[in-house]
């Protein structure tokens, strides 16, 4: 009986400590639920895509430990009218190709192929119909 009670007490303490630990660490890792902008990582360690979740505009963001940091437009064209914008309307999903993502309009289901590149002439946003 004492062993069972001891194990239950240890289990309860472990569960409490684990939940507190997860709660503290998750407060910094979960993005804002109702965000206007989101950063999506690419398979290139230096490159992210910044998405305006309200209207589908995108920028390529590159960070660096030196001086090669920049933010450059991928698409400045709003994909919906201003009165149709709302947070989290658009989302990006990676593909198996390092340079391509799929952009989804979560309201009406339209999709686009998004291609990022360090060369502006190789960047593209193409409707998938």
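The values are calculated or read from the model by the stated rules, or taken from the named source; none is laboratory data. Keep in mind that what you see is a predicted model, and the values were worked out from it rather than measured. Heads up, the Cβs are rebuilt from the backbone with ideal geometry, glycines too, and the neighbour counts pull from every protein chain shown.
Below is a table of values for the structure above.
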| quantity | calculated |
| --- | --- |
| Candidate set: region 42-57, residues that are part of a loop (DSSP other than H, G, I, E, B) and touching a residue at least 40 places away in the same chain (Cβ under 8 Å); chosen: the one surrounded by the fewest Cβ atoms within 10 Å (Cβ to Cβ) | 43 |
| Among (1) over 20 Å from residue 41 (Cα atoms); (2) in contact (Cβ under 8 Å) with a residue 24 or more places away in the chain; (3) not in a loop (DSSP other than H, G, I, E, B) - the single one residue 60 does not satisfy | (1) |
| Condition check for residue 46: at pLDDT 95 or above and either out of contact with any helix residue (DSSP H, G or I) (no Cβ under 8 Å at 6 or more places or on another chain) or on the phi > 0 side of the Ramachandran plot (or both) | no |
| Filter result for the condition that a residue is at pLDDT 50 or above and within 20 Å of residue 91 (Cβ to Cβ), over 13, 58, 1 | 58 |
| Scan of region 96-110 for residues that are exposed (fewer than 15 other Cβ atoms within 10 Å of the Cβ) and on the phi < 0 side of the Ramachandran plot, ordered by number | 96, 97, 98, 102, 106, 107, 108 |
| Filter pass, residue 34 being within 17 Å of residue 105 (Cα to Cα) and modelled with pLDDT under 95 | yes |
